[in-house]
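Data block below; observations after.
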Amino acid sequence: MLIQTNLRNASSQPHPLHPELPALLAHARPSAVTLYDPNAIIYAQGDAAGPLYLVEFGAVRIYRLTADGRRQISAFHFAGEVFGFEAGSEHHFYAESIDRAGIRALRPAGDDHLADNLLPLALRSLIRAQEHLLVLGRQNAQERMAAFFIDLAERQEAGRIIDLPMQRSDIADYLGLTFETVSRILRKLKDARIIRLPSTKQIEVLDFAALEDLCE
């Protein structure tokens, strides 16, 4: 179910990972936060491209369906991140909430400054996509998982505890692995005392150095 709310803007204050957000919102048309239940579609592959979207809270997965019905996840987005960049007039991917998420549409307020503030976000999104392709192309299953956890820790500023709102099947579709391989690698990292699994929605990194070594 979608609910519009004037929830206080969680991104109105400067954030060390997203310092451009206050300026971005200052040049966007005022918009309420839309609340999405878990696994709700925000936009679909083939829909007309419209505004960009800011994650106020929760998490979003970006994916597309292949001709044979397989799902390929290309990105996850978390609080403070913007998604929905398109080169053409329609969306080439699905955007779907992972957990209960608050999403704000970003539309120009009538000046040209919104585009100026979007440029660093678009470049950051492009760099992250390129790095993801390198992970898929050059690393084995254990290295992919290690790189994924390091990326999440940096984006969440998580310290030792990393939130995993996505399912194991989401991780598998993102890293080009099977569900069984993801589970096996998690057990292997746990047995090596590199990580701990306090719950299905969190991991605790016990040895960041060892995790980084796996990516080299």
Task: Gain in span if fully extended, residue 210 to residue 86, counting 0.36 nm per residue against the direct Cα distance - done: 40.9 nm
Open item on the list: Can you sort 216, 90 from fewest to most other Cβ atoms within 10 Å of each residue's own Cβ?
Closed with: 216, 90
TODO: Collect residues whose amide H, placed 1.01 Å from N in the peptide plane, falls under 5 Å from the amide H of residue 42; neighbours closer than 5 in sequence don't count.
DONE: 95, 96, 97
TODO: Could you calculate the contour length gain from residue 130 to residue 65, that is, 0.36 nm times the residue separation minus the distance between their Cα atoms, to one decimal place in nm?
DONE: 21.4 nm
Task: Per-residue HN-Hα couplings for the stretch 127-133 [Karplus 6.51, -1.76, 1.60; θ = phi - 60°; Hz; x = Gly/Pro] - done: 5, 5, 5, 5, 5, 5, 5
- [ ] Provide the gained length on full extension for the span residue 32 to residue 191, in nm with one decimal, where the gain is 0.36 nm per separating residue minus the Cα-Cα distance.
- [x] 52.6 nm
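With a ≥ b ≥ c taken as the square roots of the eigenvalues of the C-alpha gyration tensor of the stretch 79-182, please select rounded if a/c is under 1.5 and otherwise prolate if a/b is larger than b/c or oblate if it is not? Mind showing how you got there, number by number?
Values: a/c = 1.90, a/b = 1.76, b/c = 1.08.
The shape class here is prolate.
Rule-based calculations on the coordinates, nothing more; no lab input. Predicted model only: the values in this text are computed from it and were never measured. No Cβ is skipped: glycine too gets one built from the backbone with ideal geometry, and neighbour counts run over all protein chains shown.
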